[in-house]
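Novice: Dumping the structure here so I can ask a few things about it.
Readers should treat all values here as calculations from the given coordinates under stated rules, not as data from a laboratory. This is a predicted model, so every value here is computed, not measured. Here the Cβ positions follow ideal geometry from the backbone for every residue, glycine too, while neighbour counts run over all protein chains shown.
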Amino acid sequence: MSQSNALDALIAFYETLSPEQVRQFSAHYASDAYFKDPFNEVRGLAAIERIFTHMFRQVAEPRFCIIERVVDENGAMLVWEFHYRVRLWGRGEAQLMRGVSHLKFNAEGKVIWHRDYWDAAEELYAKLPGIGCIMRRLKKALAA
């Protein structure tokens, strides 16, 4: 599969991801794929699937929207928005997290390297009850 086709299929997979589809990561990721985000650093399909299974337990109505892609012969960068509600807050108000995924593919078009970049302080901690107030004050105090 060409990288372009693999990327299109991967985007469609993420934009329709559901708990039932977590076991389908093997269609898009190599068995020894590397994955890193601000909270996890793992290798292998089972570990990656565990991260997304955990995500579905923690948040309600999760939905990824890919809003931009930058592609070259070595991989791709995907700019995304993640829409969700926090289960711990009783489904609360809708939340939005913005980030970027850096991907590298093998010759078969499967992801071998996936690194997510997003600002945990701004996109998560500042929205938490209690600690959010402290984070917002700190941001205000440090701003130019």
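Novice: May I ask you to evaluate 6.51 cos²θ - 1.76 cosθ + 1.60, the Karplus curve with θ = phi - 60°, for each residue of segment 65-79 and list the ³J(HN,Hα) values in order in whole Hz, giving x for glycine and proline?
Specialist: The phi angles translate into 10, 7, 10, 7, 9, 10, 10, 9, 5, 9, x, 8, 10, 10, 8 Hz.
Novice: Sequence-distant or interchain residues sharing an amide H contact under 5 Å with Ala60, placed H: which?
Specialist: Amide H to amide H, under 5 Å and 5 or more residues apart or across chains, Ala60 pairs with Arg85, Val86, Arg87.
Novice: When Lys and Arg each count +1 and Asp and Glu each count -1, what net charge do the other residues less than 13 Å away from His54, Cβ to Cβ, add up to?
Specialist: Working: positive: Arg50, Arg57, Arg87; negative: Asp37, Glu49.
For residues surrounding His54, the net value is +1.
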